[in-house]
Amino acid sequence: MMKTRLVSAIMAVMALALLVPGPAHAQFSDAYNFLKAVKDKDGQKVTDLIQKPGSTVINSRDISNGENALHIVVARRDASWLAFLLAKGANPNLADNNGNTPLMNAVQGRFEEGVQTLLANKAQVDKVNGSGETPLIRAVQLRDVGLVRLLVAQGANPDKRDTIAGMSARDYAERDSRTPGLIEALAAAKPVAKPAGPVQGPVF
């Protein structure tokens, strides 16, 4: 009886080992644990994982949706964690599987403090998502004049067109007759500089 139980226990351990291959599990564990720690607001665990020699977990992505740590904290409108992760080297321009950057998501969530923090940390103001929409187009669609002004002040281009309707932020604003101030906010945009002539290459 005792021998049978021992054999059963050994077989169970071996079966578990086959289900979780060592190298593959080790390869993904740090990234998984990092994103879980961010979700759990476990600052100590996050710091420990970031500080491991050769660690690149700061820009880890969820394999199911492509989201990274910045997407997670923007979704919960967490300004403190957003600033913390950016200070640790998180890339503000990495997109999820739909092409949405943390900046786009911050605009979508009307998280103004997050928008300001991301722009202050080199988020690309006109980076488009999978539909060719810019954060400024999304802000106009949301009729959020405050965010429109903020993005325009940071150099957003009101004439960049999306790929779905072929319309720009200015086009959407001109179609909207219910929101005062949208067109005026876009009018404050700086003109986009165009090259004066052909770019000269090196002469050999």
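FYI, it's all coordinate maths here, none of it is from the lab. As the structure is a prediction and not an experimental result, all values here were calculated from the model. Note: ideal-geometry Cβ built from the backbone for every residue, glycine included; neighbour counts use all protein chains shown.
Quick one: is Ser55 free of Cβ contacts under 8 Å to residues at least 40 places away in the same chain, small (Gly, Ala, Ser) and crowded, with 19+ Cβ neighbours inside 10 Å? Criteria not met by Ser55.
Quick check: anything in the range 92-99 charged (D, E, K, R) and touching a residue at least 24 places away in the same chain (Cβ under 8 Å)? Looking for residues that are charged (D, E, K, R) and touching a residue at least 24 places away in the same chain (Cβ under 8 Å), one finds at least one in the range 92-99, hence yes. Within the range 127-167, the set of residues being of a type in the set (Ser, Thr, Tyr) and either out of contact with any Gly (no Cβ under 7 Å at 6 or more places or on another chain) or crowded, with 17+ Cβ neighbours inside 10 Å (or both) comprises Ser131, Thr134. Scanning the range 38-69 for residues that are among the aliphatic types (A, V, I, L, M) and in contact with a Gly (Cβ under 9 Å, 6 or more places away or on another chain) turns up Ile50, Ile58. Filtered by the rule that a residue be farther than 23 Å from Gly114 by Cα and either in a helix (DSSP H, G or I) or in contact with a Cys (Cβ under 8 Å, 6 or more places away or on another chain) (or both), the range 46-79 gives Asp48, Leu49.
Can you tell me which residues in the range 102-137 are among the β-branched types (Val, Ile, Thr) and closer than 16 Å to Arg77 by Cβ? Once the filter is applied, which keeps residues that are among the β-branched types (Val, Ile, Thr) and closer than 16 Å to Arg77 by Cβ, the range 102-137 yields Val107, Val115, Thr117. Of everything in the range 73-102 that is under 22 Å from Lys52 (Cα atoms) and not hydrophobic (A, V, I, L, M, F, W, C), the residue that is surrounded by the fewest Cβ atoms within 10 Å (Cβ to Cβ) is Gly89. Number of residues in the range 118-173 that are of a type outside the set (D, E, K, R), outside any helix (DSSP H, G or I) and under 20 Å from Ala188 (Cα atoms) equals 11.
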